[in-house]
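Step one of this worksheet: look at the structure below.
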Amino acid sequence: MADIVLTRIDSRLIHGQVMTKWVNQSNANKIVVVSDELAKDEFMLEIYLLSAPAGVKVECYSKSDAVKNWKEDQFGNGKVLLLLPNLESMKVVYDGGIKVSNIQIGGLGGAPNRKVVFQNITLDNADVSILTYLKEQGVNIIFQTIPEDIPQSFDSIIKKYNQ
């Protein structure tokens, strides 16, 4: 069964130097992207597959297919970086059975009604609700954009959000 070595929430999904750093940092040999939108868009999927670091296998699933494949032990063997574009997707796959113990929030872009809490990470009330739920399930949540950043704890980020 696959070992999920890093679960990262990043709206940019696979992107250049940062992803290369996280693959190296986590020693992942496979990236599993969970995105309903990307799974349906063959052109964009091809672009993402081409942008993955050399020697790293990439698979992309819808949320429901990710849960199904996880339960059927179809993630393969090795070390997996599980990559999702948003917290809503994380909650769906978590509730579906992909019970990760650690989540790294690395990039959630801006939009109306979102508040910057750390570098390029923004949250809204729905995000905070999901994060609170996951924390209550025992999931350790950190906010960290690149490996060189000092990880920010859930509690410190929520204090910033509530200011």
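The values are calculated or read from the model by the stated rules, or taken from the named source; none is laboratory data. Keep in mind that this is a model prediction, so the values were computed, not measured. FYI the Cβ positions are ideal-geometry reconstructions off the backbone, even for glycines, and counts take in every protein chain you see. Heads up: the accessible areas ignore ligands, DNA and RNA and are worked out on the full protein's heavy atoms, side chains in. Shrake-Rupley method; radii C 1.70, N 1.55, O 1.52, S 1.80 Å.
Points to keep in mind about this one:
- Some residue of the stretch 71-87 being within 14 Å of the chain's Cα centre (by Cα), without any contact (Cβ under 8 Å) to a residue 40 or more places away in the chain and farther than 15 Å from Gly107 by Cα: no
- Pairing each residue of the stretch 1-28 that is touching a residue at least 40 places away in the same chain (Cβ under 8 Å) and within 26 Å of Lys71 (Cβ to Cβ) with any residue that is among the β-branched types (Val, Ile, Thr) and exposed (fewer than 14 other Cβ atoms within 10 Å of the Cβ), provided the two are 6+ apart or on different chains, yields no C-beta distance under 7 Å.
- Of the helices (runs of 4 or more DSSP H) lying entirely inside the stretch 1-117, not one is found with 3 or more residues being open to solvent by 20 Å² or more (accessible area, probe 1.4 Å) and β-branched (Val, Ile, Thr).
- Residues of the stretch 145-161 that are crowded, with 18+ Cβ neighbours inside 10 Å and without any contact (Cβ under 8 Å) to a residue 24 or more places away in the chain: Phe154 alone.
- Of all residues assigned to the stretch 83-98, at least one qualifies as being at pLDDT 95 or above and at positive phi.
- Residue in the stretch 122-144 that is under 24 Å from His15 (Cβ atoms), in a loop (DSSP other than H, G, I, E, B) and open to solvent by 60 Å² or more (accessible area, probe 1.4 Å) present: no
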